[in-house]
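Single-structure report; data block below.
None of the figures in this text is laboratory data; all of them are computed from the coordinates on show. Since we're looking at a predicted model, the values are computed, not measured. Backbone-built Cβ (ideal geometry, glycine too); neighbour counts: all protein chains shown.
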Amino acid sequence: LAVRGVQALSPYQPGKPIDELARELGLNPADIVKLASNENPLGPSEKALAAAREALSELCLYPDGNGFDLKQALAKRFGVDMSQITLGNGSNDLLEVVARCFVSSDSEVIFSQYAFAVYPIVTQAIGAKGISVPAKDWGHDLDAMAEAVTDRTRLIFVANPNNPTGTVHGQEAIQSFLDRIPASVIVVLDEAYCEFFEGEDAPDGLKLLSRYPNLIVCRTFSKAWGLAALRVGYSFSSPEIADILNRVRQPFNVDSIALAAATAVLDDEDYLQRSREVNAKGLRQLEQAFERMGLPFIPSVGNFIAVDVGDQAMEVYQSLLKQGVIVRPVAGYGMPKHLRVSVGLPEENEKFIQALEHALDAVN
Ligand code: PMP
């Protein structure tokens, strides 16, 4: 019954909830370590929790469909005008809304090999043609992506940093890429993991907005801000593009609890700082362990890292599962030897490292 593009879709495979897995494995949920969905291991910010609790008293009312308070807080923090902001039910929602606004069934949409799985899904759902450009050193080959533009190209997705590879391009590389893209093509810079990567060369799509009217920068509260369950994403663009996106999104796409918690967490600088510190330390802990074990890994700037565990990656994954450690196989991304592991708390990382050593002994 479904249209052709939809029939050909491979669905996004989310990680299973811990309780369900614990039941399947016959383990106590408390003994399970889930490092599979790039979630924040700190637990939610106290400020966000308090605001969410308060919002519960208004459950019978529709949320503010314009998200005024959150937009105002975002505008203040990032120095943009509220008219440049679009809110989404997670940034996934925005990726889909962008595709619905700018792509039709005779269009082409460009993304990179090994890039985030939702790009081909939203493309195919519209019946458009996805152009997957071969990666370079696991990251986006921006030159090849610019060369792939044809007169049918309407949209390009660039994940920076990328999931699942953790690769990133600096500001200059992004800017020279944008210089090569015709203004008639929308470019989505997906910066879901940008908060984890600081420093001089850290890319920042926001700084490019005034120069490139075809640019949309997407971000999320799911990662460094620790609100994945609430589904809040946001985009910055020209007011003209935001106006289009806001016409097409569902009128109440972000609920009141999510709006309240996201607005409150923007005030919790301490939480953001702790997220960054725990992540940076955890990444080092994992890298050092991989080096010790002689396992190649893709250096990552995100809150996850892809490690090459060899041809028997699925057996390693299963062995980890049996030991109560959940990571993410990435064979579906065309990376059959890698497993992606999210950075956890030090003791969670340690449990994963020990389980991995055991798993490798068992399969080799
Ligand atoms: N972009 C990238 C690159 C991601 O990895 C993710 C989450 N896995 C998202 C967007 C979507 O995040 P959310 O919908 O939770 O905002």
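The set of residues in the range 93-145 being among the charged types (D, E, K, R) and closer than 17 Å to Asp190 by Cβ consists of Asp93, Glu96, Arg100, Asp141. Close Cβ contacts (under 8 Å, 6 or more residues apart or on different chains) running from residues in the range 162-174 that are on the phi > 0 side of the Ramachandran plot to residues that are outside any helix (DSSP H, G or I) and more than 10 Å from the ligand (Cβ to nearest atom) comprise Gly166/Ile298; Gly166/Pro299; Gly166/Ser300; Gly166/Val301; Gly166/Ile305; Gly166/Ala306. Of all residues in the range 27-38, those that are more than 14 Å from Asn349 (Cβ to Cβ) have Cβ atoms under 6 Å from Cβ atoms of residues that are more than 14 Å from the ligand (Cβ to nearest atom), 6 or more apart or on another chain, in Leu27/Gly324; Pro29/Ile18; Pro29/Asp19; Pro29/Ala22; Asp31/Gly324; Ile32/Ile18; Ile32/Ala22; Ile32/Gly324. Taking the criterion of being part of a loop (DSSP other than H, G, I, E, B) and within 20 Å of Ser10 (Cβ to Cβ), the residues of the range 328-364 that qualify are Val330, Gly334, Met335, Pro336, Lys337. Summed over the range 299-336, the residues that are charged (D, E, K, R) and in contact with a Gly (Cβ under 8 Å, 6 or more places away or on another chain) give a count of 1. Beta carbons closer than 7 Å, at least 6 apart along the sequence or on distinct chains, pair a first residue in the range 284-311 that is touching a residue at least 12 places away in the same chain (Cβ under 8 Å) with a second that is within 16 Å of the ligand (Cβ to nearest atom) and among the basic types (Lys, Arg) for Asn303/Lys223; Phe304/Arg340; Ala306/Arg340. For the range 16-57, the tally of residues that are surrounded by 17 or more Cβ atoms within 10 Å (Cβ to Cβ), in a loop (DSSP other than H, G, I, E, B) and not hydroxyl-bearing (Ser, Thr, Tyr) stands at 8. Within the range 106-125, does at least one residue satisfy the condition of being under 22 Å from the mean Cα position of the chain (by Cα) and away from the ligand (no atom under 16 Å from the Cβ)? Yes: one or more hits.
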